[in-house]
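Okay, so here's the structure we're looking at.
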Amino acid sequence: CPASNLKLGSGICDVYKLLKSGVNVAIGTDSVASNNNLNMIKEMFLCALLPKGLHNDASVVSERDILKMATVNGYKAQGREDSGAIKAGYKADLCVLNIESEHMYPQTDMINNLVYAADGADVVLTMADGRVLYKDGEFTTIDIEKVKSTVNAAASRIISEVKKNG
């Protein structure tokens, strides 16, 4: 998780060196404790830019490498062979983006657009194992207002405890 490593000052992972060595590199988001918005698209963007800056070479990691790290490599890391592609018999784990926003043009290389231009706000649908979890701005399986309320209450309790106990 590049954003988490940067936020915590943990350093920059040398993705290029790992890929060159044959390591299966996957991109993730860690947790809200160290990565506040859990935005995979932002992680892809950072994972694409950081190696280029680290090596002063724009060609060290391609957009296709980044897409693979954000999709199929994560499944490989988990030992899952029934996911990571859109094909019969595979889990339907999908994320659909609105590609009509101005920042997604020109549409000459959609993988490049996904890595460098897309934003988490472009997501219009997510599906896990064929089940729609998010569609057109609405969560389909949870009461998001209840979740927000529960999170705020828990955070208030924790802050109160910390203040009380110093």
Neighbours of Lys91 by Cβ distance under 13 Å: Lys/Arg at +1, Asp/Glu at -1, summed charge -1
Based only on Cα atoms, what Rg/Rh ratio does the chain have, Rh being taken as Kirkwood's radius? 1.01
Within straight-line cross-link reach of Lys91, lysines at Cα separation under 18 Å, skipping those fewer than 8 residues along the same chain: Lys68, Lys76
Filter the DSSP H helices in the chain by two things, a Kyte-Doolittle mean of at least 0.5 and an axial alpha-carbon span of 15 angstrom or more, and list the hits by number. 40-55
On a straight-distance basis, which lysines could pair with Lys7 in a cross-link, Cα separation under 16 angstrom, same-chain partners fewer than 8 positions away excluded? Lys42
Roughly what percent of Cα-Cα pairs across segment 84-166 reach past 18 Å? 64
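Read the figures in this text as sums done on the coordinates, not as results from a lab. Values in this document were obtained by computation on a predicted structure and should not be read as measured data. Glycine gets a Cβ as well: all are built from the backbone with ideal geometry, and neighbour counts include every protein chain shown.
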